[in-house]
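Engineer: Before I ask anything, here is the structure I am working with.
The values are calculated or read from the model by the stated rules, or taken from the named source; none is laboratory data. Not measured: the values here are computed from a predicted model. Counting neighbours? That spans all protein chains shown, and the Cβs are built from the backbone with ideal geometry, glycine included. Remember, those area values only see protein heavy atoms, side chains included, never the ligands or the DNA or RNA. Shrake-Rupley method; radii C 1.70, N 1.55, O 1.52, S 1.80 Å.
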Amino acid sequence: MAHIPERRSLWRRMKPYITVFDGPLAMILFLLFSAGTLTLSSAGHDFPGRMEGQMRNILLSFIVMWVAANIPPQTLLRLAVPIYSFGVSLLIAVALFGIIKKGARRWLHVGVDIQPSEIMKIATPLMLAWYFQTRAGMLKWQSFAVGALLLAIPFTLIAKQPDLGTALLVGGTGFWVIFLAGLSWKALVALVTLGAASLPVAWSMLHDYQRERVMTLIDPTSDPLGKGFHIIQSVIAIGSGGVSGKGYMKGTQAYLEFIPERTTDFIFSVYSEEFGLVGNLVLLFLYLLLIGRGLMIAANAPNLFTRLLAGAISMMFFMYAFVNMGMVSGILPVVGVPLPFMSYGGTALITLGLGSGILMSIQRHRKLVQT
């Protein structure tokens, strides 16, 4: 009995560090991380150090998530402009002094190589949410025009690197902020019409390899051993999994090394072959829970800034999952987007951890306000 007060004292000391995590969101993330680690250990069986590297990435993502969960939304509101300005400055530095890898200028060397475009996945919706918060109650069409300009700056700089996949993710996340801020359906229809009319111009502005990806999507068999190899082998792996899958570590496409980038962008192919349709439905259900929890946090957020930010982060998760599964399944062009919380990688995982931490911060401080 003498030890009970000591245990209670320990709990009181630890409670502030534990309760920053939103229970339902943390459980969903744990299940996704578990599924990803399990699949990566199979997909990366012949990649020495891959699992150790991913464990470090997950730990770093967890730390970033915890730090973000402890930052009050009011602080994020004050930091929105400096973070956005810093991110755009880094993108300009990339355009001027960036390192070229595989024909793209996307990195800066500051002791280590960093990819500033990742910052803008959070910085852009943060900035837009701040902008619309400052104009809450007096939004006019000019406000949405300025919002579109704030979005166009990072989108253009990233697309010129070229990094169309990241540019689309940044553009999509920023668009959701503008849409949720009250963009009218008439304006949305006009934008869609304008976008469709500008497709010939956009096609002419694409790089050769980007056009090849679109043409490969239409007919991957036109170059089965070259540009179409990724898609063909990926679709074969998904189809061969059948209803229940071939079993853990029994996927022939992965073990015979037919699936390129099987630990990163195409890890869904490995997962599908081993766990089949049943496993895919479970994974889709987890992503739906993740997005649904984020949207619930957004719906209950106390002000416009937190509602827009939480909604945009939730839709960022949706776009990551939709684009990755779409390109791996052969219904979207290959654009190099990882599967959230499952693909191997450091920078993208940290971005996702940061977004999750911000959702937890919004939910936590909503509860504090209510109490």
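Engineer: Go through 228, 276, 326, 251 for me and flag whichever is small (Gly, Ala, Ser) and without any contact (Cβ under 8 Å) to a residue 12 or more places away in the chain.
Structural biologist: Exactly one of 228, 276, 326, 251 is small (Gly, Ala, Ser) and without any contact (Cβ under 8 Å) to a residue 12 or more places away in the chain, namely 326.
Engineer: Listed residues 215, 249; which is farther than 27 Å from residue 314 by Cα and in a loop (DSSP other than H, G, I, E, B)?
Structural biologist: Of the residues listed, the single one that is farther than 27 Å from residue 314 by Cα and in a loop (DSSP other than H, G, I, E, B) is 249.
Engineer: As an exercise: evaluate residue 365 against (1) part of a helix (DSSP H, G or I); (2) under 20 Å from the mean Cα position of the chain (by Cα); (3) touching a residue at least 24 places away in the same chain (Cβ under 8 Å) and give the number of the one condition it does not meet.
Structural biologist: All conditions are met except number (2).
Engineer: Report, by residue number, each residue of the range 302-319 that is open to solvent by 10 Å² or more (accessible area, probe 1.4 Å) and touching a residue at least 40 places away in the same chain (Cβ under 8 Å).
Structural biologist: 302, 303, 304, 307, 315, 319 - these are the residues of the range 302-319 that are open to solvent by 10 Å² or more (accessible area, probe 1.4 Å) and touching a residue at least 40 places away in the same chain (Cβ under 8 Å).
Engineer: Counting only residues that are more than 23 Å from the chain's Cα centre (by Cα) and within 18 Å of residue 315 (Cβ to Cβ), which one in the range 134-186 is surrounded by the fewest Cβ atoms within 10 Å (Cβ to Cβ)?
Structural biologist: 185
Engineer: With the condition kept exactly as written, say whether any residue in the range 192-214 is at pLDDT 75 or above, among the small types (Gly, Ala, Ser), over 25 Å from the mean Cα position of the chain (by Cα) and more than 30 Å from residue 119 (Cα to Cα).
Structural biologist: Within the range 192-214, one or more residues are at pLDDT 75 or above, among the small types (Gly, Ala, Ser), over 25 Å from the mean Cα position of the chain (by Cα) and more than 30 Å from residue 119 (Cα to Cα).
Engineer: Still on this model: Where residues in the range 82-95 are touching a residue at least 12 places away in the same chain (Cβ under 8 Å) and open to solvent by 50 Å² or more (accessible area, probe 1.4 Å), which of them is nearest to residue 107 (Cα to Cα)?
Structural biologist: Once the filter is applied, the top-ranked residue is 95.
Engineer: If I filter the range 260-317 down to residues being assigned to a helix (DSSP H, G or I) and among the β-branched types (Val, Ile, Thr), which single residue comes out as farthest from residue 230 (Cα to Cα)?
Structural biologist: Per the stated criteria, the residue is 306.
Engineer: Also: Restricting attention to the range 98-115, which residues are surrounded by fewer than 17 Cβ atoms within 10 Å (Cβ to Cβ) and at pLDDT 80 or above?
Structural biologist: 99, 100, listed by residue number.
Engineer: Any idea which residue in the range 320-340 is farthest from residue 224 (Cα to Cα), counting only those that are in contact with a Leu (Cβ under 9 Å, 6 or more places away or on another chain) and surrounded by fewer than 19 Cβ atoms within 10 Å (Cβ to Cβ)?
Structural biologist: 322
Here's the yes/no breakdown for (1) closer than 27 Å to residue 359 by Cα; (2) open to solvent by 80 Å² or more (accessible area, probe 1.4 Å):
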| site | (1), (2) |
| --- | --- |
| 231 | no, no |
| 240 | no, no |
| 243 | no, yes |
| 250 | no, yes |
| 256 | no, yes |
| 272 | no, no |
| 283 | yes, no |
| 288 | yes, yes |
| 291 | yes, no |
